[in-house]
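Worksheet for the structure shown next.
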C-alpha cells in the first residue's frame, strides 16, 4: 500500500472509531454531545492517533489495543482547541474553515463540551485499561495524563496566554512549544510504544523521535501562520502577529526557522533508523509533515 | 473523639494532603499553580473527601490508600466551581466569601486552572493506581471519571445552563440535581468502598446511601439559597432566582422541600444501619448536613 492510501485508511479507521465511541443521542444531554461531536468531526488531520498507529506498526501491535488511547488523545487535543478558541483565551471565530465551537453553541456550552471531552477521554481509556487488567495500559494513560497536564500541554498554554503581547526569551518560547504542542505529540508515540510492549530503550528512542517531531511541527505551524494560504489552512493566517504572539519565526525569521524545522525532522528520522523497514510509515509521515502546506 | 473534633481532624488531614500534592512553585507555570491553589484553598468544607474517609472507616481501610482519590475528587469538584462561575456560565463574582477565580486571575487563566485541576486529579490518582498494580484502584478512578463526566456532573451542568430562564419539568430538575451534584457525592462513597475492598452488596448499599444523601444535599442548598444568610454562605443568596434557575424549591415551595430533604436523609441513614457502630461517623455527618445552615 502506498503512503497516501495507508494514511487515508488510518484516518478513516480513527474517524469510524471516534464516531462509534462518542455518544450521539440522548434525551437530556443531546446539546453537549452535539457540541463535542461538532469539534471532533470538524476535519482534524488525526496526526496524534495516526502517529500511534504508525508506532504500533513497528511492533506489530494489534490496532484494537491502540484505538481507545488514540481516540482519547484526539479528544484531549480537540478539547484544548475548543478552550483555546474561547473569548478570554484567543477569541477565534474560525477553526479548520468552520465557525469555532462557542460561535455555534455559545461560550458556556463550549466550556462544558471541552470539559466533557477531556473527562470522556479518561473515562474511555480507563474503561479499556480496567477490562484489560491495567498494567501497561494504565502506564499509557498516565503518560498521556502527564503530557496533557500542567507539566505539559496546559502548562504550555498558560505560558502562552500569560505572555501574549510581551517580549519572550527564546528559552521561554522553547518551553512553551515543547509543552503546548510537543508534549502530546511525544506522548502519542510513547504511549503507543508502551501499549505495544516496547522495552525501555525503545520507549526512550521513540520518545526522542516524538519530541523532535513535535518541535518541528510547531515551528512549521508558525511558518505557515506567516506564509500559508488561508484557504488551505482553514483559519486566518497572520493571527500570531495580530495577537502579538512571540514565535520561533518572530525571533529568528523565516529562513532560520525553516532550517531548524528541517534539522529537527532529520534528527527525528535518525531516531527511527534502528527500526529499518518496520518504521517505513513513520518515515514517510515525518517527511510529509515537514513538507506540508495544508 | 466527638464528631466535631473528628470532622475537623479529617478536614485538616485533607487540607495537608492537598497542600503537599498540588505543586506550589515553578519557574514557568507559577501563575496557573497559584490560580489552582487559590480556589482549592478558598475554604471548601471538603464534604466529598470527608465522605470517603467516613466510608473507609466502616471497613477499617488505611486512609493513605484513600487520600489520593479523596484529593482527586476535591480537585474535580473545585474545577467544576471555577468553570461554573465563569462569564458565559453563571458569571459569579463571589464564592465562599472571596472573589471568584476569574476575577483574580482573568478568564483565560481561570479556564486553564480548571482544566489543570481536572487533568491533575486524574494524573495524581493514576500515579497511585499504577504504583499499586491497578485493579480496584483503577476501578475507583473509573467510577469517579464516570460520575464527573457527561453521564454525571458535566451532563447535569449542561442541562443547567441550557435551561436557565426556561420552565423545567420536575423530571428534568431531578435529572439535573442527580447528576450535577449527586453523581460526584455518590461516587465519593462508592469509590471509597471499592478501594476499601467492599463486596458488591456493600458497594450497592453505600451507593444508595450516597445518592440519597446527594439529592438531599442539593435540595438543602436550594433552600439555603432562598432562606440562608449571605455572610454564613459566603456567596449571594437569591442567586438562583435572579439567574432564573428552576429549583426544587421554586417548584414545590420551602416546606415541601424541607420534608423531601428530611425523608431523603432518613433513607440515607437507613442504608447505613447494616454497619452499626462502624458507620457512626457517617450517621453523624449525614445528620449534620441536613441541619446545616452554613
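The values are calculated or read from the model by the stated rules, or taken from the named source; none is laboratory data. Bear in mind the structure is a predicted one, so any value in this text is a computation, not a measurement. Please note: Cβ atoms are built from the backbone with ideal geometry, for glycine as well, and neighbour counts cover all protein chains shown.
So, residue B:141, is that one at the interface with chain A (Cβ under 10 Å from one of its Cβ atoms) and surrounded by 21 or more Cβ atoms within 10 Å (Cβ to Cβ) or not? So residue B:141 fits the description; yes. Checking each residue of the range A:84-99 against the condition of being free of Cβ contacts under 8 Å to residues at least 12 places away in the same chain and within 21 Å of residue B:85 (Cβ to Cβ) gives at least one match. Among residues of the range A:1-24 being without any contact (Cβ under 8 Å) to a residue 60 or more places away in the chain and within 14 Å of chain B (Cβ to nearest Cβ), the one that is surrounded by the most Cβ atoms within 10 Å (Cβ to Cβ) is A:23. Residue B:90 meets the conditions (1) part of a loop (DSSP other than H, G, I, E, B); (2) within 14 Å of chain A (Cβ to nearest Cβ); (3) in contact with a strand residue (DSSP E or B) (Cβ under 7 Å, 6 or more places away or on another chain) in every case but one. The failed one is (3).
Just one of the listed residues (A:70, A:56, A:42) is under 19 Å from the mean Cα position of the chain (by Cα), on the phi < 0 side of the Ramachandran plot, surrounded by fewer than 21 Cβ atoms within 10 Å (Cβ to Cβ) and modelled with pLDDT of 95 or more, namely A:42. Selection over the range A:150-162 of residues that are surrounded by fewer than 24 Cβ atoms within 10 Å (Cβ to Cβ) and either at the interface with chain B (Cβ under 7 Å from one of its Cβ atoms) or free of Cβ contacts under 8 Å to residues at least 12 places away in the same chain (or both) gives a count of 3.
Among residues of the range A:163-198 being buried (at least 20 other Cβ atoms within 10 Å of the Cβ) and within 9 Å of chain B (Cβ to nearest Cβ), the one that is farthest from residue B:27 (Cα to Cα) is A:179. Kindly indicate whether residue A:44 is closer than 23 Å to residue A:217 by Cα and more than 14 Å from every other protein chain (Cβ to nearest Cβ). Considered against the rule, which asks whether it is closer than 23 Å to residue A:217 by Cα and more than 14 Å from every other protein chain (Cβ to nearest Cβ), residue A:44 comes out as yes. Based on what the data block shows, is residue A:112 surrounded by 20 or more Cβ atoms within 10 Å (Cβ to Cβ), within 7 Å of another protein chain (Cβ to nearest Cβ), at pLDDT 95 or above and more than 20 Å from residue A:181 (Cα to Cα)? It is true that residue A:112 is surrounded by 20 or more Cβ atoms within 10 Å (Cβ to Cβ), within 7 Å of another protein chain (Cβ to nearest Cβ), at pLDDT 95 or above and more than 20 Å from residue A:181 (Cα to Cα).
Given A:75, A:36, A:67, which one is closer than 24 Å to residue A:284 by Cα, out of contact with any strand residue (DSSP E or B) (no Cβ under 6 Å at 6 or more places or on another chain) and either in a loop (DSSP other than H, G, I, E, B) or touching a residue at least 40 places away in the same chain (Cβ under 8 Å) (or both)?
A:67
Of A:34, A:80, which residue is over 27 Å from residue B:120 (Cβ atoms), in contact with a helix residue (DSSP H, G or I) (Cβ under 9 Å, 6 or more places away or on another chain), within 14 Å of chain B (Cβ to nearest Cβ) and at pLDDT 95 or above?
A:34
Considering (1) surrounded by fewer than 24 Cβ atoms within 10 Å (Cβ to Cβ); (2) at the interface with chain B (Cβ under 8 Å from one of its Cβ atoms); (3) assigned to a helix (DSSP H, G or I), the lone condition that residue A:126 does not fulfil carries the number (1). Take the residues in the range A:96-109 that are surrounded by fewer than 21 Cβ atoms within 10 Å (Cβ to Cβ) and more than 9 Å from chain B (Cβ to nearest Cβ); name whichever of them is farthest from residue B:153 (Cα to Cα). The residue in question is A:97. Take residue A:27 and decide whether it is surrounded by fewer than 19 Cβ atoms within 10 Å (Cβ to Cβ), more than 19 Å from the chain's Cα centre (by Cα) and modelled with pLDDT of 95 or more. No; evaluated as a whole, the condition is false for this residue.
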